[in-house]
Amino acid sequence: MYRKIITSNEMKAFLLIEKCDEELKQRLMSKMENNGSKNTKAMLQKLQRYLA
């Protein structure tokens with residue numbers, strides 16, 4: 001699931017993460033924070049904006 005989210009465009013990533021329960025969302029977001037790549041951090045910021 002993580003790999004699918006980070007390789008998707010932002011809209012598809014949002015739709016994928018929307019289907020997840022809260023625990024899985026938190027685990028995925030945490031993994032994205034710890035990744036360190038610029039692309040993953042940019043995707044994380046976009047997803048956080050959508051989910052807020």
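The values are calculated or read from the model by the stated rules, or taken from the named source; none is laboratory data. Just so we're clear, the structure is a prediction, and the values are computed from it rather than from any experiment. Positions of Cβ are generated from backbone atoms using ideal geometry, with glycine treated the same way; all protein chains shown enter the neighbour counts. Heads up: the accessible areas ignore ligands, DNA and RNA and are worked out on the full protein's heavy atoms, side chains in. Shrake-Rupley method; radii C 1.70, N 1.55, O 1.52, S 1.80 Å.
Neighbours of Y2 by Cβ distance under 9 Å: Lys/Arg scored +1, Asp/Glu scored -1, total +4. Think of the chain as having a plus end and a minus end, set by charges on the Cβ of Lys, Arg, Asp and Glu; of N35, L51, L16, N35 sits farthest toward the positive end of this dipole.
For the set Y2, Y50, solvent exposure ranked by accessible area (probe 1.4 Å, protein chains only) runs largest to smallest as Y50, Y2. Phi angles of region 43-49 translate, via the Karplus equation with coefficients 6.51, -1.76, 1.60 and θ = phi - 60°, into HN-Hα couplings of 5, 4, 4, 5, 5, 4, 5 Hz per residue; Gly and Pro are given as x.
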